[in-house]
Amino acid sequence: MAAGDFSPRVDEARSQVYKHAGRGTAVGIEGDEEQNFELKVSRLPDLRDDMTGGPFAPPEAQAASLSNPQNSTSCDRATVTLRVAEARVEDVGHAVARLAPADLLRIGAKPGDVLKITGGTVGVGRAEISDDAHEGMVQIDGTCRSNCSAGLQEQVTVAPVETQAAVAVRFTPMWVGAAPATIAPDRMLEDLVGIPVVTGCTVRVPTFAKAVNFHVVRTIPSGPVVIGKRTDIRVVEGEQTPSRAPAVSYEDIGGLEREVARVREIVELPLKYSHIFERLGILAPKGVLLYGAPGTGKTLLARAVAAESRVHFIHLNGPEIMRKFYGESEAKLREVFEEAARHAPAILFIDEIDAVAPKRAEVTGEVEKRVVAQLLSLMDGFVARGHVIVIGATNIPETLDPALRRPGRFDREIEIGVPNTQGRLQILRIHTRAMPLAPDVDLQEIAELSHGFVGADLEALCQEGRFFI
């Protein structure tokens with residue numbers, strides 16, 4: 001039989017295969033409860049193989065595909081190095097990467113494409129257009145920054161990447177303790193539609209009163225995928241994974257741009273670039289004191305700086321140090337500083353520090369005097385504490401011991417004041433970005449009418465507004 005006699009049988013077999021493929025490909029997921037699920041897909045010839053030169057295409061089609069520039073993969077596209085910038089409030093939790101139009105043109109991408117962002121690790125984001133003022137920058141939120149292990153003003157490489165539609169995605173919770181609310185996969189899916197993910201990344205779900213993070217443990221198919229309306233998403237119980245994504249990021253702080261910049265200068269530079277201070281022959285700052293009215297965001301700012309700096313964070317409330325037995329309070333204080341030194345670089349945040357270090361001339365108890373003396377010696381003693389930054393917060397700085405406020409202990413004192421109208425508008429946008437607002441809600445008008453409100457007051461206002469729906 002001649003070679004050409006096989007062609008009718010091949011065409012007939014291919015037509016049967018196409019009919020089978022048209023009925024859909026069966027996907028089997030097994031063992032969701034044990035997290036052992038596998039994709040069983042039989043790769044069948046597709047009509048696109050003939051057009052794009054796939055593995056089942058004839059040799060002449062594959063050769064034509066290699067010469068067709070429209071079929072080039074993301075590996076052939078350009079890669080650009082950009083500097084990381086803070087995301088917009090409306091982009092938080094949506095895996096959006098905003099680039100200037102000129103930068104999108106350089107990498108051959110358009111809005112809606114999925115980008116691979118490479119820093120210390122690899123993350124993915126959906127391309128959107130920013131303004132020309134951010135040329136040479138990529139605007140990503142704290143979750144995307146943690147996925148690619150990059151901080152603000154650090155450099156990352158950005159390039160387009162090919163993706164597939166997600167058939168199934170499995171998440172595991174990243175919080176410690178009880179769940180913040182009942183997890184409804186259908187409600188989660190509404191928030192995650194259109195978000196690109198990859199195995200090992202973190203997604204932020206604003207479904208609950210406080211946004212929570214989930215870790216992507218498996219995707220079907222593997223590689224970068226985009227969650228769609230028909231994607232099967234489930235939350236499975238598994239081993240606790242170390243949380244890389246910050247629970248609080250700079251995008252969660254409104255109206256404190258100047259204060260955030262000053263704290264970052266004092267905290268991030270010594271922890272990340274200590275060699276710069278050594279080269280200049282100067283000592284790095286050792287501490288910063290935050291003071292202001294209650295509810296202005298002092299604790300929130302300290303948590304955000306620690307999370308964004310990716311360093312060990314210890315939160316200590318002032319009254320927790322005091323003990324009833326002789327010497328236990330000082331021992332507790334030494335223990336906390338030793339723990340911070342073991343995990344250096346670290347940030348030690350002492351909230352309500354006025355309860356620990358009042359003016360020794362005005363207190364009558366010996367315990368308070370000994371605790372103040374112990375804190376002073378730990379902050380500026382003979383034993384170096386290494387790369388440990390101490391952040392103190394208080395509402396009444398005038399009651400602190402004067403020796404604690406001198407340079408060398410707390411090098412900077414930053415006032416966290418009451419926000420102005422623009423700051424209140426930013427705070428309102430942060431607290432309402434997960435709320436279904438009515439068309440007649442004017443946040444600008446609310447910000448103008450809420451003179452004297454601090455961040456905690458505005459958060460309570462938004463929470464109370466939910467009960468009137």
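Overview of results
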quantity	calculated
Odd one out for Ala261 among (1) surrounded by fewer than 14 Cβ atoms within 10 Å (Cβ to Cβ); (2) more than 19 Å from the chain's Cα centre (by Cα); (3) not β-branched (Val, Ile, Thr)	(2)
The stretch 403-420 residues that are more than 14 Å from Ile391 (Cα to Cα), paired with ones that are not hydrophobic (A, V, I, L, M, F, W, C) (beta carbon under 6 Å, 6 or more apart)	Gly417/Gly292; Pro419/Gly255
Sole residue being surrounded by 18 or more Cβ atoms within 10 Å (Cβ to Cβ) and touching a residue at least 24 places away in the same chain (Cβ under 8 Å), chosen from Ala159, Ala150, Ala165	Ala150
Subset of the stretch 438-469 that is in a loop (DSSP other than H, G, I, E, B), among the aliphatic types (A, V, I, L, M) and loosely packed, with under 12 Cβ neighbours inside 10 Å - its residue that is nearest to the chain's Cα centre (by Cα)	Ala438
Selection count, the stretch 252-272, where residues are under 17 Å from Asn420 (Cβ atoms), touching a Leu at 6+ places or on another chain (Cβ under 8 Å) and part of a helix (DSSP H, G or I)	2
Selection status of Leu283, on the phi < 0 side of the Ramachandran plot, in contact with a helix residue (DSSP H, G or I) (Cβ under 6 Å, 6 or more places away or on another chain) and either at pLDDT below 85 or not in a helix (DSSP H, G or I) (or both)	no
Strands (runs of 3 or more DSSP E) wholly inside the stretch 67-162 that include at least 3 residues being out of contact with any Asp or Glu (no Cβ under 6 Å at 6 or more places or on another chain), modelled with pLDDT of 90 or more and more than 24 Å from Val205 (Cβ to Cβ)	80-86, 155-160
Flag for Val248 being of a type outside the set (D, E, K, R), under 18 Å from Ile389 (Cβ atoms) and crowded, with 21+ Cβ neighbours inside 10 Å	no
Search result, residues across the stretch 188-237 that are in a loop (DSSP other than H, G, I, E, B), surrounded by 15 or more Cβ atoms within 10 Å (Cβ to Cβ), modelled with pLDDT under 85 and of a type outside the set (A, V, I, L, M, F, W, C)	Pro206, Thr207
Selection status of Phe410, among the aromatic types (Phe, Trp, Tyr), within 22 Å of Ile253 (Cβ to Cβ) and not assigned by TED's automatic domain parsing to the domain that holds Glu265	no
Per-region count, the stretch 110-147, residues closer than 27 Å to Val311 by Cα, surrounded by 22 or more Cβ atoms within 10 Å (Cβ to Cβ) and not aliphatic (A, V, I, L, M)	11
Criterion violated by Val356 - all others in (1) surrounded by fewer than 17 Cβ atoms within 10 Å (Cβ to Cβ); (2) closer than 30 Å to Ile253 by Cα; (3) in the same structural domain as Gly297 (by TED's automatic domain parsing); (4) in contact (Cβ under 8 Å) with a residue 24 or more places away in the chain satisfied	(1)
Residue list for the stretch 265-278, restricted to those being of a type outside the set (Phe, Trp, Tyr) and free of Cβ contacts under 8 Å to residues at least 24 places away in the same chain	Glu265, Leu269, His275, Ile276, Glu278
Some residue of the stretch 391-400 being buried (at least 21 other Cβ atoms within 10 Å of the Cβ), among the polar types (S, T, N, Q) and either in the same structural domain as Pro358 (by TED's automatic domain parsing) or touching a residue at least 40 places away in the same chain (Cβ under 8 Å) (or both)	yes
The stretch 279-302 residues that are more than 16 Å from Ile353 (Cβ to Cβ), paired with ones that are of a type in the set (D, E, K, R) (beta carbon under 8 Å, 6 or more apart)	Pro285/Asp411; Pro285/Arg412; Gly295/Asp457; Leu300/Asp252
Odd one out for Glu338 among (1) buried (at least 16 other Cβ atoms within 10 Å of the Cβ); (2) out of contact with any strand residue (DSSP E or B) (no Cβ under 6 Å at 6 or more places or on another chain); (3) modelled with pLDDT of 80 or more	(1)
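The values are calculated or read from the model by the stated rules, or taken from the named source; none is laboratory data. If you're wondering where the values come from, they're calculated on a predicted model, not measured in any experiment. Heads up, the Cβs are rebuilt from the backbone with ideal geometry, glycines too, and the neighbour counts pull from every protein chain shown.
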